[in-house]
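Step one of this worksheet: look at the structure below.
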Amino acid sequence: MKRLKELDLKNQHVLLRVDFNVPVKEGKVTDTTRIEAAKETIDYILKSGASLVLMSHRGRPKGEFKEEFSMEPVRKASEEILGMEIKPLFSSQVVDADVVARARELQPGEVGMIENLRFRPEEEKNGEEFARELSQLGDIFVNDAFGTAHRAHASNVGVVQFLPSVLGFLMGREVEVLSDLMNNAEKPFVAILGGAKVSDKIQVIENLLNKVDRLIIVGAMANTFLAAKGKDMGKSLVEEDQFDLAISLLQRGRDKGVEILLPIDVVVSTSIENGEGAKVVSTDEIGADEMALDMGPDTISAIEAALEDAKSVIWNGPAGVFETEPFHKGTFAIAEALAKLDANVVIGGGDSAAAIKQSGLEDKMSHISSGGGASLEYLEGKTLPGIAAVEGV
Ligand code: ADP
Ligand code: MG
């Protein structure tokens, strides 16, 4: 498969799928991370003497034009980040004859942006006719939207049948880092899995049990494992319908020689909102009206020890309710332990990425995946349609 750098882009019209599904409040983009992440690919395309049409979805307008989901705030924020004019090629139909004509008039080095792809119901259904319409906006298609790589939509999969297609730099890096981790991780390979629910991540746990040397289970996910083993978890978030599965996963880990770590102490409270009476207790001493909302210091020490000689780490899922003090400590302690390692450290998952950013240790990680759902499906061992369409795998 060809790489972006191998293509001659001079005087070409490039159609670029980006993930600019950014938060907008009162007409202003409040987090520009995703726009910044696409800058490298955009700059390269423009420097190579091509013109560029940007396309993305934003929010859930459910297949029809809705002003509040317009790309206009994103276009303005992108102009600031790229330091150049971005022409609005806007139509409530997303693509029509006028949009195509104006896209075709773009000169080398010029950029336009079309309206929210999800104003058209065919986008999420991968409608062939809509994909063909989109393909008229360019001579070459570049996909740099890892956030939607786990979905087969018109703008990332359908369009590929009509145009020569390559992955952008952001996508290319995601594929390289994640496939390297899943296929050739240097050992010891340690996974830290947490977050809200076991049921969201069963496939991830199962797949990683085949790959890692150690599995550290934290967050509310750990509550379910502890409860399944007979611990009284009080009012903690647990999934009773996952008890059998939890036990069988632990057994499978033992059979495969994977060391599995569960919390030995936790921070409990009777209130998530105000942290009332928050205290550290052993997992044998959780009160009937208390919830385990973070890990305790002994667990943190055990995790630090389990990470010490790691050469590869995948982390998905916060270790506690990190959004609320005082339940952030365990999650941030993991971030700090990871920051000190001389290892390939990869973070997947939307909330995990947010936690790392909050910790300020982003730059110390090898890679933070730009796609929450997509990275999870990759860790499940699935082929992502957005990658497969372009790479032909
Ligand atoms: P990711 O998006 O990184 O995959 P998840 O969505 O699975 O992560 O989980 C993140 C959520 O899990 C956070 O909102 C966090 O507050 C919650 N969480 C973590 N630990 C606990 C806990 N002990 N009790 C309740 N919620 C928890
Ligand atoms: Mg999440």
Complete set of residues in segment 1-32 that are more than 25 Å from the chain's Cα centre (by Cα), aliphatic (A, V, I, L, M) and surrounded by fewer than 20 Cβ atoms within 10 Å (Cβ to Cβ): Leu7
Matching residues in segment 262-279 - criterion: being among the β-branched types (Val, Ile, Thr), open to solvent by 30 Å² or more (accessible area, probe 1.4 Å) and farther than 24 Å from Pro188 by Cβ: Thr270, Ile272
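Among the candidates Phe141, Phe119, single out the residue that is of a type in the set (Phe, Trp, Tyr) and out of contact with any Phe, Trp or Tyr (no Cβ under 7 Å at 6 or more places or on another chain). Walk me through how you get there before you give the answer.
On the way: Phe119 fails: out of contact with any Phe, Trp or Tyr (no Cβ under 7 Å at 6 or more places or on another chain).
Unique residue meeting the criteria: Phe141.
Results for (1) polar (S, T, N, Q); (2) surrounded by 16 or more Cβ atoms within 10 Å (Cβ to Cβ), shown as yes or no for each residue.
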site: Thr324; (1), (2): yes, yes
site: Ile356; (1), (2): no, yes
site: Gly360; (1), (2): no, no
site: Ile387; (1), (2): no, yes
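Which members of segment 210-236 meet the condition of being within 26 Å of the chain's Cα centre (by Cα) and surrounded by fewer than 18 Cβ atoms within 10 Å (Cβ to Cβ)?
First, pick out the residues of segment 210-236 that are within 26 Å of the chain's Cα centre (by Cα): 210-225.
Across segment 210-236, the qualifying residue is only Asn210.
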Answer residue from segment 86-104, given it is more than 21 Å from Gly49 (Cα to Cα) and not hydrophobic (A, V, I, L, M, F, W, C) and is least open to solvent (accessible area, probe 1.4 Å) among those: Ser91
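Could you pull out the residue among Ile334, Ile347, Ile356 that is part of a strand (DSSP E or B) and within 13 Å of ligand 1 (Cβ to nearest atom)?
Working: Ile334 fails: part of a strand (DSSP E or B); Ile356 fails: part of a strand (DSSP E or B).
Testing whether each residue is part of a strand (DSSP E or B) and within 13 Å of ligand 1 (Cβ to nearest atom) leaves just Ile347.
Condition check ((1) open to solvent by 60 Å² or more (accessible area, probe 1.4 Å); (2) touching a strand residue (DSSP E or B) at 6+ places or on another chain (Cβ under 6 Å); (3) more than 16 Å from ligand 1 (Cβ to nearest atom)) across all residues:
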site	(1), (2), (3)
Leu106	no, yes, yes
Arg120	no, no, yes
Glu123	no, no, yes
Gly147	no, no, no
Phe162	yes, no, yes
Ile202	no, no, no
Residue list for segment 359-393, filter: assigned to a loop (DSSP other than H, G, I, E, B), small (Gly, Ala, Ser) and in contact (Cβ under 8 Å) with a residue 12 or more places away in the chain: Ser366, Ser369, Ser370, Gly371, Gly381, Gly392
Where a residue in segment 336-352 is aliphatic (A, V, I, L, M) and its partner, wherever it lies, is within 15 Å of ligand 1 (Cβ to nearest atom) and assigned to a helix (DSSP H, G or I), with Cβ under 7 Å and at least six apart: Ala337/Ile303; Val345/Leu338; Ile347/Ala353; Ile347/Ile356
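For segment 240-261, does any single residue satisfy the condition of being β-branched (Val, Ile, Thr), under 19 Å from Glu336 (Cβ atoms) and either open to solvent by less than 20 Å² (accessible area, probe 1.4 Å) or away from ligand 2 (no atom under 16 Å from the Cβ) (or both)? First the steps, then the outcome.
Pass one, segment 240-261, residues β-branched (Val, Ile, Thr): 247, 258, 260.
Subsequent filtering for residues that are under 19 Å from Glu336 (Cβ atoms) retains none.
Checked against the condition, which is being β-branched (Val, Ile, Thr), under 19 Å from Glu336 (Cβ atoms) and either open to solvent by less than 20 Å² (accessible area, probe 1.4 Å) or away from ligand 2 (no atom under 16 Å from the Cβ) (or both), segment 240-261 yields no hits at all.
From Phe141, Phe130, Phe90, Phe119, grab the single residue that is touching a residue at least 60 places away in the same chain (Cβ under 8 Å) and of a type in the set (A, V, I, L, M, F, W, C).
Values: Phe130 fails: touching a residue at least 60 places away in the same chain (Cβ under 8 Å); Phe90 fails: touching a residue at least 60 places away in the same chain (Cβ under 8 Å); Phe119 fails: touching a residue at least 60 places away in the same chain (Cβ under 8 Å).
Residue meeting the stated conditions: Phe141.
Within segment 230-276, work out how many residues are outside any helix (DSSP H, G or I) and away from ligand 1 (no atom under 16 Å from the Cβ). Walk me through it before giving the result.
Quick first cut of segment 230-276, residues outside any helix (DSSP H, G or I) only: 230-239, 256-276.
Imposing the further condition that a residue be away from ligand 1 (no atom under 16 Å from the Cβ) reduces the set to 230, 256-260.
Residues flagged as outside any helix (DSSP H, G or I) and away from ligand 1 (no atom under 16 Å from the Cβ) within segment 230-276 amount to 6.
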Residue tally, condition over 23 Å from Ser375 (Cα atoms), more than 9 Å from ligand 1 (Cβ to nearest atom), touching a residue at least 40 places away in the same chain (Cβ under 8 Å) and assigned to a loop (DSSP other than H, G, I, E, B), over segment 303-329: 3
Subset of segment 259-301 [under 30 Å from the mean Cα position of the chain (by Cα), more than 18 Å from Lys229 (Cα to Cα) and of a type in the set (A, V, I, L, M)]: Val267, Val268, Ile272, Leu293, Ile300
Residues that are at pLDDT below 90 and at positive phi, drawn from segment 339-373: Gly349
Residue ID - farthest from Arg173 (Cα to Cα), chosen from residues in segment 341-352 that are touching a helix residue (DSSP H, G or I) at 6+ places or on another chain (Cβ under 7 Å) and open to solvent by less than 40 Å² (accessible area, probe 1.4 Å): Leu341
Residue, farthest from ligand 2 (Cβ to nearest atom), within segment 178-206, restricted to residues that are part of a helix (DSSP H, G or I) and charged (D, E, K, R): Asp180
Members of segment 280-302 found to be open to solvent by 10 Å² or more (accessible area, probe 1.4 Å), outside any strand (DSSP E or B) and touching a helix residue (DSSP H, G or I) at 6+ places or on another chain (Cβ under 8 Å), listed by number: Ile300
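The values are calculated or read from the model by the stated rules, or taken from the named source; none is laboratory data. Note that the structure is predicted; figures quoted are calculated from it, not measured. So basically every Cβ, Gly included, is an ideal-geometry build from the backbone, and we count neighbours across all protein chains shown. Remember, those area values only see protein heavy atoms, side chains included, never the ligands or the DNA or RNA. Shrake-Rupley method; radii C 1.70, N 1.55, O 1.52, S 1.80 Å.
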